[in-house]
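The values are calculated or read from the model by the stated rules, or taken from the named source; none is laboratory data. Quick caveat, the model's predicted, so the values are computed rather than measured. When we count neighbours, we look across all protein chains shown, and the Cβ atoms used for this are built from the backbone with ideal geometry, even at glycine. Surface accessibility is based on the protein's heavy atoms, side chains included, excluding ligands, DNA and RNA. Shrake-Rupley method; radii C 1.70, N 1.55, O 1.52, S 1.80 Å.
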Amino acid sequence: MNYSTDNLTQVNLTLYKNAEEASIYTANTIAALISRKQKEGKHAVLGLATGNTPKRVYQELIRMHNDEGLSFQNVISFNLDEYFPINAGDSQSYTYFMEQNLFAHVDIKSSNIHIPHVDGSSTDISKYCNEYEEKIASYGGLDLQLLGIGRNGHIGFNEPRSSFDSITRLVNLHPVTREDAKSDFGTLENVPQQAISMGINTILQAKKILLLALGQRKSEIINKAIYGAVSIDTPASILQSLPQVEYILDSDAAALIQK
Ligand code: PGA
């Protein structure tokens, strides 16, 4: 149940008592957009995230597909980021994550799925990144971007010191990000040093942005991102002034919020 909305600061904050309820609310918001666009005969252009945070959201979307006939036929998806280099079939790749956690279980058309994955070393990465931007624009931009947040305040792989004007590009991963990915890759050495990520400006162009944060380990960065200074040292801080942003938090992630 939604038990509090922060009206005082203009920040659109939706608090839930646990991760389950926050995830279901997030899935319902995404499903409502897909259905509305379907009725209008339009595409729903979704920016999607990976990581632990959205897993339960995707499970709920799959349940709605199976039990309630939610169709993904009109969905065009663009993922935020992907490691570089990585094989798409590797279990740590975000391509694999999306297939396992969502795409294989719903009726999205494979030609409508976009993940910034570059194969091999011969690709012109900057050309590839520009084309990724152009593809998003060709669908009229993102209708909705789903975001998690890193403990260092990153959104996508826009690490601290990323320009707010940044677009899709090759980035170096921050030590905190690589440390957090260690459990997926077994050892720190196995975690790629780089990734391809939508830029902060790419994200800010989305018509609606949902930032979902769950658990106590996100409480410190959530307080800093929403109520601290807007600074490239905390990339997510740029979101705090934007009307299209909704923060969806469970009570653990919201624990340190000081209004
Ligand atoms: P997590 O990662 O969902 O695995 O916590 C979020 C992020 O780094 O953006």
task: May I ask you to verify whether S121 is within 20 Å of N172 (Cβ to Cβ), open to solvent by 50 Å² or more (accessible area, probe 1.4 Å) and modelled with pLDDT under 95?
output: yes
statement: With criteria (1) touching a residue at least 60 places away in the same chain (Cβ under 8 Å); (2) part of a loop (DSSP other than H, G, I, E, B); (3) under 20 Å from I62 (Cβ atoms), D107 comes up short on (1)
task: State all residues of region 243-259 that are open to solvent by 50 Å² or more (accessible area, probe 1.4 Å), at pLDDT 95 or above and within 23 Å of N18 (Cα to Cα); if no residue qualifies, say none.
output: D252, A255, L256
- request: With the condition kept exactly as written, say whether any residue in region 228-242 is at pLDDT below 95, away from the ligand (no atom under 13 Å from the Cβ) and exposed (fewer than 15 other Cβ atoms within 10 Å of the Cβ).
  value: yes
field: Top-ranked residue in region 56-69 [being open to solvent by less than 40 Å² (accessible area, probe 1.4 Å) and within 13 Å of the ligand (Cβ to nearest atom); ranked as nearest to T95 (Cα to Cα)]
entry: Y58
Hits in region 237-259 - residues which are of a type in the set (S, T, Y) and out of contact with any strand residue (DSSP E or B) (no Cβ under 7 Å at 6 or more places or on another chain): S241
query: How many residues, within region 198-220, are surrounded by fewer than 23 Cβ atoms within 10 Å (Cβ to Cβ) and farther than 30 Å from Y139 by Cβ?
result: 5
- prompt: Considering region 166-196 alone, what residues qualify as being within 16 Å of the ligand (Cβ to nearest atom) and among the acidic types (D, E)?
  reply: E179, D180, D184
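For (1) modelled with pLDDT under 95; (2) among the basic types (K, R); (3) surrounded by fewer than 17 Cβ atoms within 10 Å (Cβ to Cβ); (4) part of a helix (DSSP H, G or I), each residue gets a yes or a no:
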{"residue": "I86", "(1), (2), (3), (4)": "no, no, no, no"}
{"residue": "S126", "(1), (2), (3), (4)": "no, no, yes, yes"}
{"residue": "E133", "(1), (2), (3), (4)": "no, no, no, yes"}
{"residue": "I136", "(1), (2), (3), (4)": "no, no, no, yes"}
{"residue": "Q145", "(1), (2), (3), (4)": "no, no, no, no"}
message: Out of A22, A31, I need the residue that is assigned to a helix (DSSP H, G or I) and either within 16 Å of the ligand (Cβ to nearest atom) or surrounded by fewer than 14 Cβ atoms within 10 Å (Cβ to Cβ) (or both). Which one?
response: A22
- line: Checked against (1) acidic (D, E); (2) over 19 Å from the mean Cα position of the chain (by Cα); (3) within 15 Å of the ligand (Cβ to nearest atom), D119 satisfies every condition except (3)
query: Hey, does region 156-171 have a residue that's of a type outside the set (A, V, I, L, M, F, W, C) and closer than 24 Å to Q100 by Cα?
result: yes
field: Filter result (buried (at least 20 other Cβ atoms within 10 Å of the Cβ) and either free of Cβ contacts under 8 Å to residues at least 24 places away in the same chain or more than 9 Å from the ligand (Cβ to nearest atom) (or both)) within region 148-165
entry: G153, N158, E159, S162
- request: Among the numbered conditions (1) of a type in the set (S, T, N, Q); (2) surrounded by fewer than 22 Cβ atoms within 10 Å (Cβ to Cβ); (3) under 22 Å from G215 (Cα atoms); (4) in contact (Cβ under 8 Å) with a residue 60 or more places away in the chain, tell me where T53 comes up short.
  value: (2)
message: Suppose we keep only residues that are part of a loop (DSSP other than H, G, I, E, B) and of a type in the set (A, V, I, L, M, F, W, C) within region 166-197. Which one would you say is most open to solvent (accessible area, probe 1.4 Å)?
response: I167
